[in-house]
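Any read-out appearing in this document is the output of simple, stated calculations on the displayed coordinates, not a laboratory observation. This structure is a prediction, so every number in the text was calculated from the model and none was measured. Backbone-built Cβ (ideal geometry, glycine too); neighbour counts: all protein chains shown.
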Amino acid sequence: MLLGGNVLVKAGSDRGGDFRHIRACRSRDQLGCVIAFSTFNAPPPANSIFGRAPAGKQVLCTNPAALRGAAAKLDTVLPSAPFAPSTSLGKVTPGIGYPPFHVSTPWVESDGVYTAQCSDADGASVLQISGTPALNALPDATWGLHLVDANIALGNLVKDVTRQARRYLAKHR
């Protein structure tokens, strides 16, 4: 899983860039594959840092909620308390737009609040999300929703890995 990075593949392919022989995960039963995406909730600007690739390549997008590529609801998992509040990252995190939580658990799960689908438009290949509350791109639009890449679909990612681990163990016993 390479979340929020630009994993390059051959344009129109699931492999042949950064990983010459490793394909994108398109099934939770698939082994030896990669899940990668960069999250946006608006069209990426022409100068976006994520989702854009040089000619002949494209940035890989796998939707962890629907590895075959359809739109699907995300299982979002967020820490209930600010992450490292005294750091630069901790100070900007509230600006993302998640509501504050007042719970006694360390994590809050919000299933189905956001929907995601991979999008290849205007030269950018990204995981487009929609839902409320609307989230803010930080530090600016060129980053998209990079600061939520891990948490926005964490529940789905855990399910994907759990299924793949079970398949691997069944195959290697």
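Using beta carbons and a limit of 8 Å, which pairs, at least six apart or on different chains, have the first residue in the range 17-44 and closer than 17 Å to ASP122 by Cβ and the second one of a type in the set (Phe, Trp, Tyr)?
SER38/PHE50; PHE40/PHE50; PRO44/PHE50
Looking only at the range 94-115, filter to residues that are closer than 20 Å to LEU127 by Cα and of a type outside the set (D, E, K, R); which one of those is surrounded by the fewest Cβ atoms within 10 Å (Cβ to Cβ)?
GLY112
Any residue in the range 132-153 that's under 16 Å from PRO43 (Cα atoms) and free of Cβ contacts under 8 Å to residues at least 60 places away in the same chain: show its pairings with residues that are outside any loop (DSSP other than H, G, I, E, B) and of a type in the set (Gly, Ala, Ser) at Cβ separation under 7 Å, as long as the two are six or more apart or on different chains.
Pairs found: ASN136/GLY95; LEU138/GLY95.
I want to confirm something. Restricting to the range 70-93 and keeping residues that are under 21 Å from LEU157 (Cβ atoms) and among the polar types (S, T, N, Q), which single residue is surrounded by the most Cβ atoms within 10 Å (Cβ to Cβ)?
THR76
Of everything in the range 96-149, what is part of a strand (DSSP E or B) and on the phi > 0 side of the Ramachandran plot? Give them in sequence order.
At the first step, the residues of the range 96-149 found to be part of a strand (DSSP E or B) are 107-121, 124-131.
Correct list: GLY112, GLY131.
State which residue pairs qualify: first residue touching a residue at least 40 places away in the same chain (Cβ under 8 Å) and inside the range 78-106, second residue assigned to a helix (DSSP H, G or I) and surrounded by 10 or more Cβ atoms within 10 Å (Cβ to Cβ) in any location, beta carbons under 7 Å apart, and separation of 6 or more residues or different chains.
Once the first residue is touching a residue at least 40 places away in the same chain (Cβ under 8 Å) and sits in the range 78-106, its partners that are assigned to a helix (DSSP H, G or I) and surrounded by 10 or more Cβ atoms within 10 Å (Cβ to Cβ) give LEU78/ASN151; THR93/LEU147; ILE96/LEU147; ILE96/VAL148.
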